[in-house]
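Worksheet for the structure shown next.
The values are calculated or read from the model by the stated rules, or taken from the named source; none is laboratory data. Here the structure is a predicted model, which is why all the values come from computation and not from measurement. Please note: Cβ atoms are built from the backbone with ideal geometry, for glycine as well, and neighbour counts cover all protein chains shown. Heavy atoms of the whole protein, side chains included, go into the accessibility calculation; ligands, DNA and RNA do not. Shrake-Rupley method; radii C 1.70, N 1.55, O 1.52, S 1.80 Å.
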Amino acid sequence: MIATLWKYQKTSLLLAVISLVVYYLFAHHLQRSDFPLLVSLYSILFASFYLIVKSSKNDFGLLFLIAILARLIFINTTPNLSQDFYRFIWDGRMLIQGYNPYLSTPQSYIDAGTTSIVAQAQELYAGMGTLNASHFTNYPPVNQLIFLVAALFSSKSILGSVITFRIVIILADIGTIIYGKKLLTKLGLPIYNIFWYALNPFIIIEMTGNLHFESVMLFLVVLSLYKLSQGKWILSAVFLALSISTKLLPLLFLPLFMQYFLTRGGGKTTHFRSSYPWKVRFREIKTNIPRLIYFYLITLGVMVLTFIPFLSGAFAENFGTTIALWFQKFEFNASIYYIIRYIGYQVIGWNIIGDVGPLLPKIVVVLLVLLAFIRNNRSLQAMISAILIGMFFYFLLSTTVHPWYVATPLLLCVFTSYRFPLVWSATVILSYAAYGVDGFNENLWLVAIEYITVIGFFVWEVFWKPKPATQLDKH
């Protein structure tokens, strides 16, 4: 068997070995401030990944094995590109002591000298940094549950908590591979597409390596979409709600479910054709409206239920204040917003984020509503494409786009004909140039290269690339 594998998959096996060595160097010997080494190692990994998927696309088992082995290399290391995990551990240890993490900041305990509440408090505080420690937590309840699990298994070891987080993320990625394969089969797409996500070094490094829980959120999104493809729309709503309670981003998906439900009722047997007379179409839409409403109510209801254990008088204010910071104070790796900011400096003379930041999400909502009504989103694949395009515009209009945010459009694209997020997963690494040995300083030329490349590829795919024949009412 090994001889046969070597005979037919020699190129992939050699590239896999090279990749595993580079992942080891990345995990154990890389400093975030060493940008030349970071981008060099990443370039090797990305080129190898692309060639492996292309050459072994018919060997699902081999691709799956390489994806798992690459993740296991990170298992006993602490993240070297992000310090967010220190806050995750803090929140979990607050919970295990019976405290509500939404009601206080780490800074308040440090200032009051009551650090005995949290094991290794000083080390966690130093790791997360004063900026993180001075704000209330913004991680939703499912995330908090994972933090609690880590505290239960490792209440006094930072590395133990890290390993627990990593196991959860790897299991989520395995789930994404399994159900992503099932969903691709339902959509009539090549099953190897899932490895544009699962074997992507961007995902392996940012999720497994740097412990970002978009992996858990996206597993729940895939599960929701798969259940919807089966006509099990109640379960779909529950899983979508849980994904929102992991990361709030899937809330923005909701308007784009409208056409699918109104023209199909969320079921697998309803067949709606645009060629039907208006009277027939109106009757079908009228019949399906209750199911759409129930879907929304179940999704929002389950989401609210997950927040109930944390509700208190100060919860809404603290949580809302922290979320607002992302639109009013924080700036990183933005695109359109940086252009607006530059114009503001030229015209007014100061940073206009306080005025523009809160306005940009409202523009996104308008764009999502337009996509929901104007674009043909009747099939499941067309709906996923609409969500992908909506998320792309959301990030283009955001004031802060951390690298791991790209995981969402990347996963969505594997269920569509679009590949611009794959290009983005290659170029987003340029944003790490901001973290130098002398502190934080963004290189806007590199930011421009990142977005010019991605937007250019998007425009080519959407407007100029020859379109394959599609059957929007097929799925």
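The figures follow:
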{"quantity": "Criterion (modelled with pLDDT under 95 and open to solvent by less than 30 Å² (accessible area, probe 1.4 Å)) met by exactly one of THR299, THR322", "calculated": "THR322"}
{"quantity": "Unmet criterion (only one of (1) among the small types (Gly, Ala, Ser); (2) over 22 Å from the mean Cα position of the chain (by Cα); (3) open to solvent by less than 30 Å² (accessible area, probe 1.4 Å)) for ALA407", "calculated": "(2)"}
{"quantity": "Among (1) over 12 Å from the mean Cα position of the chain (by Cα); (2) in contact (Cβ under 8 Å) with a residue 24 or more places away in the chain - the single one ILE178 does not satisfy", "calculated": "(2)"}
{"quantity": "Hits in region 302-319 - residues which are modelled with pLDDT of 95 or more and either surrounded by 15 or more Cβ atoms within 10 Å (Cβ to Cβ) or among the charged types (D, E, K, R) (or both)", "calculated": "VAL302, MET303, THR306, PHE307"}
{"quantity": "Subset of region 17-39 [in a helix (DSSP H, G or I) and open to solvent by less than 60 Å² (accessible area, probe 1.4 Å)]", "calculated": "SER19, LEU20, VAL22, TYR23, PHE26, ALA27, PHE35, LEU38, VAL39"}
{"quantity": "Cβ-Cβ under 8 Å pairs, at least 6 apart or on other chains, region 284-299 side without any contact (Cβ under 8 Å) to a residue 40 or more places away in the chain, far side of a type in the set (Lys, Arg)", "calculated": "ASN288/ARG264"}
{"quantity": "Options ASN441, ASN376: the member that is open to solvent by 10 Å² or more (accessible area, probe 1.4 Å), touching a residue at least 12 places away in the same chain (Cβ under 8 Å) and not aliphatic (A, V, I, L, M)", "calculated": "ASN376"}
{"quantity": "Conditions (1) at pLDDT 95 or above; (2) over 30 Å from LYS182 (Cβ atoms): number failed by VAL118", "calculated": "(1)"}
{"quantity": "Test: residue in region 56-69 that is under 20 Å from PHE213 (Cα atoms), in contact (Cβ under 8 Å) with a residue 60 or more places away in the chain and part of a helix (DSSP H, G or I)", "calculated": "yes"}
{"quantity": "Failed criterion for VAL401 (all others in (1) within 30 Å of ARG264 (Cα to Cα); (2) open to solvent by less than 10 Å² (accessible area, probe 1.4 Å); (3) touching a residue at least 60 places away in the same chain (Cβ under 8 Å) hold)", "calculated": "(1)"}
{"quantity": "Helices (runs of 4 or more DSSP H) enclosed by region 73-173 - at least 1 residues per element that are free of Cβ contacts under 8 Å to residues at least 40 places away in the same chain, touching a Pro at 6+ places or on another chain (Cβ under 6 Å) and not hydrophobic (A, V, I, L, M, F, W, C)", "calculated": "121-133"}
{"quantity": "Qualifying residue in region 418-428 (condition: more than 24 Å from LEU225 (Cα to Cα), small (Gly, Ala, Ser), open to solvent by 30 Å² or more (accessible area, probe 1.4 Å) and in contact with a helix residue (DSSP H, G or I) (Cβ under 6 Å, 6 or more places away or on another chain))", "calculated": "yes"}
{"quantity": "Pair list, Cβ under 8 Å, 6 or more apart: region 335-351 residue within 18 Å of GLU450 (Cα to Cα), other residue open to solvent by 40 Å² or more (accessible area, probe 1.4 Å) and in a helix (DSSP H, G or I)", "calculated": "SER335/ILE455; TYR338/LEU444"}
{"quantity": "Residue check for ILE178: open to solvent by 40 Å² or more (accessible area, probe 1.4 Å) and within 16 Å of SER215 (Cβ to Cβ)", "calculated": "yes"}
